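Novice: I have a structure here, written as structure tokens, and I will follow up with some questions on it.
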Amino acid sequence: MKKDFLSIYDLTKEEFQELIEIAIKFKKGEISDKPLSGKMIALIFQKPSLRTRVTFERAVYDLGGKGVYLSPQDIQLGKRESVKDVAKNLDNWTDGVVARVFHHGILLELAENSRHPVINALSDLEHPCQILADYMTMYEISGKFEVNLAYIGDGNNVANSLLAATAILGGKFTIATPYEYEPNGFIMKKALEMGAKVEIVRDPKEAVKDADFIYTDVWASMGQEAEREKRLKLFRPYQVNSELLKHAPEHVKVLHCLPAHRGEEITDEVLDGPQSVVLQESENRLHTEKAVLYKLFTR
């Protein structure tokens with residue numbers, strides 16, 4: 001792997017699959033190495049989090065390290081102090097940075113000014129750690145990486161990283177989304193150049209007809225609160241509900257990165273139903289994050 005993990009595109013196909021294999025070994029308790037022994041990892045969070053914070057703190061702890069949580073109030077990244085100065089100071093005291101930020105450019109600046117690994121725990125452009133857990137879950141269920149994945153809703157950071165993963169691993173990515181809410185243009189262009197099978201449709205029923213997995217996410221992410229009412233109306237036809245599942249194959253499973261806005265992008269009966277694998281997906285965040293840390297710190 002590269003020094004930093006900022007994008008799904010940072011991985012080759014072999015590296016992606018290896019991370020999943022390592023994560024599965026962690027889940028089975030087959031790895032007991034402590035590559036973070038005696039090391040401290042800075043956890044920078046501009047956005048609140050349940051899964052990302054707890055799983056990274058646990059992963060760092062289980063690998064023998066110590067995590068120091070830095071909230072928005074602690075450092076006011078880019079306001080009280082420049083991103084460059086924060087990175088260079090942390091570089092003197094810690095051995096790596098996990099950052100959950102509003103703007104992807106902050107991650108690039110942190111990585112540029114740090115000798116130690118920087119990990120993208122979410123940005124407005126990508127959510128690569130989430131996607132590793134998603135693909136681990138899909139692999140556990142289907143036994144393959146080349147799946148037919150239908151994404152229903154906003155072409156956000158999660159959709160961007162899923163699209164990139166499809167370009168690397170194969171399979172097909174179909175997104176049902178309104179006009180002007182498609183995934184990022186650069187990520188789409190690169191995926192197509194890599195030969196990815198990608199389809200953009202407007203009808204969710206068309207998107208799920210051959211799907212092995214259906215994925216959805218919130219319609220308005222943190223930082224988009226001003227657009228919330230507009231998005232609620234626009235995305236209403238894109239709800240993942242029991243009626244939509246009738247148009248998908250019987251074996252289809254449903255994923256959601258959480259937190260979910262129940263009754264909006266997904267209904268209770270689907271989220272809590274037999275086709276939902278969201279808790280397995282959530283658990284796998286811990287194992288895939290251990291795998292990322294393990295690879296970055298085992299040199």
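Novice: Wrap a convex hull around the Cα atoms of the chain, take a quarter of its surface area, and give that in square nanometres.
Specialist: 14.6 nm²
Novice: Please sort by residue number the GluC sites (Glu not before Pro) in segment 1-66 whose DSSP state is loop and whose Cβ has at most 12 other Cβ atoms within 10 Å. Show your work: numbers first, answer last.
Specialist: Values: sites: Glu14, Glu15, Glu18, Glu21, Glu30, Glu57; in loops: Glu30.
Answer by residue number: Glu30.
Novice: Could you point to the residue in Ala226, Ile24, Asn92 farthest towards the positive end of the chain's charge dipole, with +1 and -1 charges on the Cβ of Lys/Arg and Asp/Glu respectively?
Specialist: Asn92
Novice: I'd like the orientation of helix 128-142 relative to the chain: the angle between its Cα long axis and the longest Cα principal axis, in ° from 0 to 90, rounded to 10.
Specialist: 50 degrees
Novice: Also, quick follow-up: Test of the criteria: in segment 108-190, which chymotrypsin sites (Phe, Trp or Tyr not before Pro) are in a DSSP loop and have at most 11 other Cβ atoms within 10 angstrom of their Cβ?
Specialist: Passing sites in segment 108-190 are Tyr179.
Novice: Here is a further query. Charges at C-beta only: +1 for Lys and Arg, -1 for Asp and Glu. How large is the resulting dipole of the chain about its Cα centre, in Debye rounded to 20?
Specialist: 620 debye
Novice: Counting only helical runs of four or more DSSP H residues, what would the 222 nm mean residue ellipticity of the chain come to if each run contributes -39,500 (n - 2.57) and the total is spread over all its residues?
Specialist: Details: 13 runs with 129 residues, N = 299.
One gets -12500 deg cm²/dmol as the mean residue ellipticity at 222 nm.
Novice: Assign one of three labels to segment 1-160, namely rounded, prolate or oblate, based on the Cα gyration tensor with a ≥ b ≥ c the square roots of its eigenvalues; rounded applies when a/c is under 1.5, prolate when it is not and a/b is larger than b/c, and oblate otherwise.
Specialist: Details: a/c = 1.96, a/b = 1.34, b/c = 1.47.
It comes out oblate by the Cα gyration axes.
Novice: Taking Cα atoms of segment 148-238, Rg/Rh with Kirkwood Rh, to two decimals?
Specialist: Numbers: Rg = 12.7 Å, Rh = 13.2 Å.
Ratio of gyration radius to Kirkwood radius: 0.96.
Novice: Please list, by residue number, every one of the trypsin sites (Lys or Arg not before Pro) in segment 215-251 that is coil in DSSP and has at most 12 other beta-carbon atoms within 10 Å.
Specialist: Loop-located and lightly packed - Lys246.
Novice: Compute for segment 130-281: radius of gyration divided by Kirkwood radius, i.e. Rg/Rh, restricted to C-alpha atoms, rounded to two decimals.
Specialist: The Rg/Rh ratio comes out at 0.93.
Novice: Shifting gears a bit: Could you give the size of the charge dipole of segment 244-299 about its Cα centre, using +1 on the Cβ of each K and R and -1 on the Cβ of each D and E, expressed in debye and rounded to the nearest 20?
Specialist: 480 debye
Novice: Just want the answer: with Cβ charges of +1 for Lys and Arg and -1 for Asp and Glu, which residue in Ala150, Phe102, Ser282 is farthest toward the dipole's positive end in the chain?
Specialist: It is Phe102, whose Cα lies furthest towards the positive end.
Novice: What residue among Pro249, Pro183, Pro274 shows peak mean-square fluctuation when the chain is described by a Gaussian network model with Cα springs under 10 Å?
Specialist: Between Pro249, Pro183, Pro274, it is Pro274 that shows the largest mean-square fluctuation.
Novice: Within the set Lys197/Lys233; Lys27/Lys190; Lys197/Lys253; Lys79/Lys233, which residue pairs have Cα atoms separated by over 25 Å?
Specialist: In this structure, Lys197/Lys233; Lys27/Lys190; Lys79/Lys233 lie more than 25 Å apart at Cα.
Novice: Take the Cα radius of gyration of segment 99-180 and divide it by 2.2 N^0.38 Å, with N its residue count; two decimals is plenty.
Specialist: Taking the Cα Rg and dividing by 2.2 N^0.38 Å, one obtains 1.22.
Computed from the coordinates by the stated procedures, all read-outs in this text should not be read as laboratory data. Small disclaimer: the values here were computed from a predicted structure and weren't measured. Cβ coordinates were reconstructed from backbone atoms using ideal geometry, including for glycine residues, and neighbour counts include every protein chain displayed.
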